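Encoded as structure tokens, the structure appears first; notes follow it.
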Amino acid sequence: MKKTDLELGMGRDITRRDFIHDTSLAALGLSLPLGVYACSDHGQAGQYYPPTRTGMRGSHPGAFESAHALAREGMSFPPPNDLDETYDLVVVGGGISGLAAAQYYQKKFGRNVRILILENHDDFGGHAKRNEFHQGGQMRLALGGTHNLEYWQFSDTVNALMDELGIEIEDMLRHKEFGYGRNGRNGPAVWFDAETYGQNKLLTGVDFSEPDPEKLAAWIDEFPLSEEARGQLKRFVAMRTNVLEGMSEADAEAYVHGTRYVDFLREHGGLGDEAIQFFDSADDGGWGVQTRSLSVAECVWERMPGRQLLGEDLAGETFGYNPAMFPDGNASLARLQVHALIPNVAPGTNANNVAVAEFDYDQLDRAENTVRLRLNSTVVNAANTGSGVSVTYIKDDKALRVKSRHCVMACYHAIIPHLCPDLPEAQKEAQKYQVKRPLLLTNVLIRSSAAMDKLGIAGARCPGRMHNSVFMFKGINTGGFEHKFADDGPVAMTFWGTIAPPAEVVELNDQMRASRAKMLALKFEDYEREVRIVLRDMLGPAGFDVEEDVLAIMVNRWPHGYSHDYLDLWDPDWPEGEAPHLLASRPFGNITMANADAGADAYTHVAIDEAYRAVQELS
Ligand SMILES: Cc1cc2nc3c(=O)[nH]c(=O)nc-3n(C[C@H](O)[C@H](O)[C@H](O)COP(=O)(O)OP(=O)(O)OC[C@H]3O[C@@H](n4cnc5c(N)ncnc54)[C@H](O)[C@@H]3O)c2cc1C
């Protein structure tokens, strides 16, 4: 191990390595120091409980290899063994959409229907993955994927499902103190790192939606950029003009939707490369693509600076993003759905205790249940048989086949052509159009929030680093869980963003594929080194000891993250009814298509709406 790695604490025993996954608490207690013992797998010896697994999560090793062998290498599998199992419905994918499809199927066809949900990961929920740490007798929860509920966009269908699950949005909002790191004592912060900017520098209170250019200029003066770049930024934020002046409404629309934001910054904002770099990754978590691929409209809509050049008055603007949240993100929603389908998994669970309810995974796949949820099972074929559907999946390297009357594909659309090769060619092409956006969420349990508290921050943007932002994940006291913002004990630090594709890759889908390839090629140690560098250099000056204070790490990589929503600069205006997602999600015999991909929009409520539609199409 290199000296610098030792200084970063890379040699320390933390709960990060895959090999300690299913080890019992007692066994770990024999071999690891106390702090580590306390944040190991939770539960009875040998109990299967994936939320506490550390190391590489999200798309974890073992989850994707069969699908990649099929889709990338065209591999065919040995003839399957036919199981003596017949269902009314097989659902492919145990994410929120697949779980909702099972719920809607019960409603449509009766509570006694037999349903099998097949999921390739070791846990249910899909992107809505629960990360659960245990430290010093306390449980800490974190976001493994899907964060929150954007309730203001809910349809009646989604609202009805929320009601049924007992989810009360107003109540959830009342119990939320968390604000994605913007709610530190000193407001939003930016951390400039030495590797990118020549010095480590943390600036607090930096808010680019601030309308007062003098305040902005004072912050910009502190940026570790060249004098020229700082001057450009100061002039830019002080400009008040309207580049759309004199244009017809149609031309103005065409301009803001047809012009790259970075070209706009360059041409009208007077910014050069160095100043523009500051914004490169600003939308990694929002759109899941680099700023260079977004239009003016898409960036200013996300509150990036520039509206002052479009004739808009910024006075009175405040940042107003206030979604409802569970302390493990939408994993609690998935848990409520699973409980509704298989009540024995956690008897007595409701929306007010779901985050702390104990889930017994042994109950998920029992022959006596009408609904079975089978994990670690990758579907490789689904075929109409005339009377129904046959579905083949790989589990423990064996090919197995079940029969069903209906099948809902609630998995990523781009894999469906490989699972259903008999689909019409045009539909397969439309499904392949869904190239999802890679995303990264690395959670690090640290000993205490003391250093962040001392700095007066709750998170920071890190424009030069792999993860674009980092925030303390606490202050969401819903689902029966409590971790108050004032609690200065162990806390999960969430590193959020994506892996930037190489600058020379231009075409959007090539960017996504390049980002995905990088994400899969990086080892756990690469992610670990990265978060340790940031923690050491950002929090070290406030007393954070990177060797001692890092307790556990969960890397949630999502090579297939956000669904592709149509982007101004990359997607044509499809004629009414002809957009690829509509063609992709047409029914095919007894097989219908759900997933957020079917709505071409990366939202939980879309995943639910699409599940509803997919089930209504079955007869
Ligand atoms: C990091 C991240 C953060 C997000 N944050 C938010 C947010 O805050 N709010 C929001 O509304 N949305 C968010 N999203 C979008 C998210 O995709 C949706 O909200 C929702 O969780 C999607 O549910 P789904 O069931 O459609 O898809 P998924 O969650 O992707 O579920 C599909 C499942 O099918 C499985 N599958 C695929 N192929 C197969 C196969 N061959 N066999 C068996 N199983 C298969 C997949 O592995 C997956 O588990 C986020 C997404 C990511 C990745």
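A few notes on this one:
- Point-to-point label distance, Glu312-Trp570, nm (Cα→Cβ direction, 7 Å offset): 2.3
- On the stretch 255-322, 48 percent of the accessible area sits on carbon and sulfur atoms, based on a 1.4 Å probe.
- Under the Karplus curve 6.51 cos²θ - 1.76 cosθ + 1.60, θ = phi - 60°, whole-Hz ³J(HN,Hα) for the stretch 141-154, x wherever Gly or Pro sits: 10, 8, 7, x, x, 3, 7, 8, 10, 8, 4, 5, 9, 5
- The chain - share of DSSP beta bridges that are antiparallel (%, nearest 5): 65
- Pairs of Cα atoms nearer than 8 Å and 6+ residues apart set the relative contact order; for the stretch 393-442 it is 28 percent.
- Contact order normalised by residue count of the stretch 419-546, Cα under 8 Å, 6+ apart, percent: 27
- For the stretch 423-542, a crude dipole built from +1 on the beta carbon of Lys and Arg and -1 on the beta carbon of Asp and Glu, taken about the Cα centre, is about 40 debye to the nearest 20.
- Over all other residues within a Cβ to Cβ distance under 10 Å of Leu439, the charged ones net out to +2, with Lys and Arg as +1 and Asp and Glu as -1.
- Checking every one of the GluC sites (Glu not before Pro) in the stretch 127-172 against DSSP loop status and a limit of 13 other Cβ atoms within 10 Å picks out no site at all.
- Residue (of Gly258, Phe588, Gln199) at the positive-pole extreme of the chain, dipole from beta-carbon charges: Phe588
- Computed from backbone phi with θ = phi - 60° and the Karplus coefficients 6.51, -1.76 and 1.60, the 3J(HN,Hα) list for the stretch 65-71 is 4, 5, 5, 5, 4, 6, 7 Hz; x is used for glycine and proline.
- A cut-off under 9 angstrom between Cβ atoms defines the neighbours of Lys403, and their net charge, with Lys, Arg +1 and Asp, Glu -1, is 0.
- For the stretch 240-309, trypsin sites (Lys or Arg not before Pro) meeting the loop criterion (DSSP other than H, G, I, E, B) and having at most 12 other Cβ atoms within 10 Å: Arg240.
- Computed [θ] at 222 nm, deg cm²/dmol, the chain (DSSP H ≥ 4; -39,500 (n - 2.57); rounded to nearest 500): -8000 deg cm²/dmol
- Estimated at the nearest 10 Å², the accessible area of Leu202 is 50 Å² with a 1.4 Å probe.
- With all protein chains modelled, accessible area of Asp573 [1.4 Å, Å²]: 150
- Cα gyration tensor category, rounded, prolate or oblate, for the chain with a/c compared to 1.5: oblate
- Residues Thr385 and Glu249, FRET efficiency given R0 of 45 Å [Cβ-Cβ distance, rounded to 0.05]: 0.25
- The distance linking the stretch 438-482 with the stretch 52-100 is 32 Å (Cα centroid to Cα centroid, whole angstrom).
- The stretch 345-398: chymotrypsin sites (Phe, Trp or Tyr not before Pro) falling in loop per DSSP and having at most 15 other Cβ within 10 Å: none
- Protection-proxy order for peptides 334-342, 560-568, 503-511, 245-253, each taking the mean of Cβ atoms within 10 Å per residue, highest first: 334-342, 560-568, 503-511, 245-253
- Dipole check for the stretch 205-332: with +1 at the C-beta of Lys and Arg, -1 at the C-beta of Asp and Glu, and the Cα centre as origin, the magnitude is about 60 Debye.
- Note on the chain: with charges restricted to the Cβ of Lys and Arg (+1) and Asp and Glu (-1), its dipole about the Cα centre is near 1500 debye.
- Only protein heavy atoms count here; under a 1.4 Å probe, Lys428 has an accessible surface of about 20 Å².
- Considering only alpha-carbon pairs that sit under 8 angstrom and 6 or more positions apart, the relative contact order computed for the stretch 189-337 is 24 percent.
- C-alpha center-to-center spacing [the stretch 272-292, the stretch 322-358] in angstrom: 35
The values are calculated or read from the model by the stated rules, or taken from the named source; none is laboratory data. If you're wondering where the values come from, they're calculated on a predicted model, not measured in any experiment. Please note: Cβ atoms are built from the backbone with ideal geometry, for glycine as well, and neighbour counts cover all protein chains shown. Note: accessible area is taken over every heavy atom of the protein model, side chains too, but ligands, DNA and RNA are not part of it. Shrake-Rupley method; radii C 1.70, N 1.55, O 1.52, S 1.80 Å.
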